[in-house]
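Before I ask anything, here is the structure I am working with.
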Amino acid sequence: MIPFLSLHPVNERYRVEIDSAIKRVLDHGWYLLGEELTNFERNFAEYCGTKFCVGVANGLDALDLILRAYGFGPGDEILVPANTFIATFLAISRNGCTPVPVEPDPKTFNIDPAKIEAGITSRTRAIMPVHLYGQSAEMEPIRNIADQFGLKVIEDAAQAHGAFYLGKRAGNLGDAAGFSFYPGKNLGCLGDGGAVTTNDAELAEKIRALRNYGSLEKYVHLYSGMNSRLDEIQAAILNVKLKYLDEDNQKRREIARFYRENIKNPCVELPAVNDEKGHVWHLFVIRSSRRDELRRYLEEHGIGTQIHYPIPPHKQGAYAEWNGHSFPIAERLSREVLSLPMSPVLTIEEISNVTTHINSFN
């Protein structure tokens, strides 16, 4: 059996260092807003090339807190790709803002810059591109549009730890960025976790307060905040794994290159790549008009797959106000996409097996 993803062998490689990091936290006896978090925030900001990083409880909160800190609220509209995970939409609606879906490029799966301007109104306040599956969105034209209309650019970088675009890392391509450290991410902790990166000192300071009940000083509350803190144990674990992120991302690129060079089936469309060195392949996603048949065939041969994502946010019950709208590209992708096994611990035998069975499907 080749599972879609098995996290035990991913983390077992660093077991000794992770055990030592957890022991250090236990010995120190400080579990929130301590040295481990401070060290991770400094290290991850340096890694992304930003001035600031603020650790929070999860990726959804990271995006939520950025919007809160900017003061966006009811009546404000945020442009967002129509084919993202629902958390991108939730961060917007949690602030009382309206998510406005924009169709993706069917080749790269990322938001199509050519379709953004049509969604802008007098109420638009920001564009929230998602670096889906580990490939950066086309940020240069997105920034140009944002500058033209006076909009903020907020990256959803939950799947793009270490990705590059024109020489800069994800997290340093907009006004602010939200990351998730969910265990299955390229940089994943052993629970939930997230972070905001930015070069804006005022924004970073406000988010530091908002994540901690609106407080920078105990019992002094500047804002109506929330409880969203990256704890010391997770920060310590992330500090261990951050050292190996580039190495792991390179392994993902090698696996993706093998898939792209060896999968040859007319029923399958391979993902387009704008920059071989910039893509970090959180997921390797193919398309097929016979997706469900192919998935069953692979399952019968012991190969696990996933669908990211089978129902677009605008077709979910949570966003009933959008259910009657049509975004045909996003909807077609939801019917055709299939994620293949992708992990830095996959062997050549395993990816060869996956490739062989895809090629034998007819």
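At a 1.4 Å probe radius, carbon and sulfur cover how many percent of the accessible area of the chain?
Within the chain, the accessible surface is 51 percent carbon and sulfur.
Something else now. Report, in debye and to the nearest 20, how large the dipole of the range 218-362 comes out about its Cα centre when Lys and Arg carry +1 and Asp and Glu carry -1 on their Cβ.
Result for the range 218-362 is approximately 220 debye, rounded to the nearest 20.
Right, something else. By average Cβ neighbour count within 10 Å, what is the ranking of 276-282, 33-39 from highest down?
Going by the mean number of other Cβ atoms within 10 Å, highest first, we get 276-282, 33-39.
What is the packing order of peptides 198-205, 165-172, 212-219, taking the mean over residues of other C-beta atoms within 10 Å and listing the highest first?
The densest-packed peptide leads the list: 165-172, 198-205, 212-219.
May I ask for log10 I(q)/I(0) of the range 271-362 at q = 0.20, 0.23, 0.24, 0.26 Å⁻¹, from a Debye sum over the Cα atoms as equal point scatterers with solvent left out?
-1.04, -1.19, -1.24, -1.33
When averaged across all projection directions, what area in nm² does the alpha-carbon convex hull of the range 189-245 cover?
Value for the range 189-245: 4.7 nm².
On to the next question. If the only charges are +1 at each Lys and Arg Cβ and -1 at each Asp and Glu Cβ, what is the size of the charge dipole of the chain around the Cα centre, to the nearest 20 debye?
200
Could you state the accessible area per residue of the range 57-99 in Å², with a 1.4 Å probe and every protein chain left in place?
25
What is the range 171-298's relative contact order, in percent, from Cα pairs under 8 angstrom and six or more apart in sequence?
Result for the range 171-298 is 17 percent.
Let me ask something else about it. Counting alpha carbon pairs within less than 8 Å and at least 6 residues apart, what relative contact order, in whole percent, applies to the chain?
It comes to 22 percent, rounded to a whole number.
Under 5 Å between amide hydrogens, which residues at least 5 positions from V280 or on another chain qualify, with H placed 1.01 Å from N in the peptide plane?
Q135
Further question on the same structure: Does a label point 7 Å from the Cα of N262, set along Cα-to-beta-carbon, have any residues of the range 322-362 with amide nitrogen under 17 Å, and which are they?
340-361
Could you tally the net charge around I145, taking each other residue with its Cβ under 13 Å from the Cβ of I145, Lys/Arg +1 and Asp/Glu -1?
-2
Which order do you get for Y14, Y47, Y31 if you rank them by accessible area with a 1.4 Å probe, largest at the top?
Reading off the accessible areas and sorting them downward yields Y31, Y47, Y14.
Roughly how many Å² of C267 are accessible to a 1.4 Å probe, to the nearest 10?
30
What ranking, highest mean first, results for peptides 232-242, 145-155, 116-126 when packing means the other Cβ atoms within 10 Å averaged over each residue?
232-242, 145-155, 116-126
For the range 209-362, what size does the Cα cloud have along each of its three principal axes, sorted from largest down, in whole Å?
65, 46, 31
Further question: When the C-alpha atoms of the range 86-193 are aligned to their principal axes, what extent does each axis show, in angstrom, from largest down?
43, 33, 25
Sorting M226, M1, M128 by accessible area (1.4 Å probe), largest first, what list results? Before the final figure, lay out each step's value.
Numbers: M226 30, M1 165, M128 0 Å².
From most accessible down to least: M1, M226, M128.
So, one more: Once all Cα-Cα distances of the range 9-130 are split into 10 Å bins that start at 0, what whole-number percent is in each one?
Binned Cα distances yield the sequence 12, 29, 29, 19, 10, 1.
In Å², and per residue, what accessible area does the range 183-318 have when probed at 1.4 Å with the other protein chains present?
45
Check the range 230-350 and count each lysine pair with an alpha-carbon distance under 29 angstrom, considering only pairs eight or more places apart or from different chains. Don't jump to the answer; show the numbers that get you there.
Working: K241/K251; K241/K277; K243/K251; K243/K277; K251/K264; K251/K277; K264/K277.
Lysine pairs satisfying the spacing and distance rule in the range 230-350 number 7.
Here is a follow-up. Sorted from largest to smallest, which semi-axis lengths in Å does the alpha carbon gyration tensor of the chain give for its equivalent ellipsoid, taking the root of 5 times each eigenvalue? Mind dumping the intermediate values first?
Details: eigenvalues 208, 149, 56 Å².
Values for the chain, descending: 32, 27, 17 Å.
Now for a separate question. Hey, how much of the P(r) for the range 231-296 falls beyond 13 Å, as a percent of Cα pairs?
71
Using only Cα atoms, locate the centre of the range 2-52 and the centre of the range 224-240, then give the distance between them in Å, rounded to an integer.
10
Which listed residue (L294, S326, L245) has the Cα farthest towards the positive end of the charge dipole for the range 201-326, taking +1 on Lys and Arg C-beta and -1 on Asp and Glu C-beta about the Cα centre?
L294
May I ask what percent, to the nearest 5, of DSSP beta bridges between residues of the range 1-137 are antiparallel?
Rounded to the nearest five, the antiparallel share is 10 percent.
So for the chain: antiparallel DSSP bridges make up what percent, rounded to the nearest 5?
For the chain, the DSSP antiparallel bridge percentage is about 60.
The values are calculated or read from the model by the stated rules, or taken from the named source; none is laboratory data. The structure presented is a predicted model; accordingly, all values stated were derived computationally and were not measured. Cβ atoms come from the backbone with ideal geometry, glycine included; neighbour counts cover every protein chain shown. To get the accessible areas, we keep the full protein, side chains included, count just its heavy atoms, and leave off ligands, DNA and RNA. Shrake-Rupley method; radii C 1.70, N 1.55, O 1.52, S 1.80 Å.
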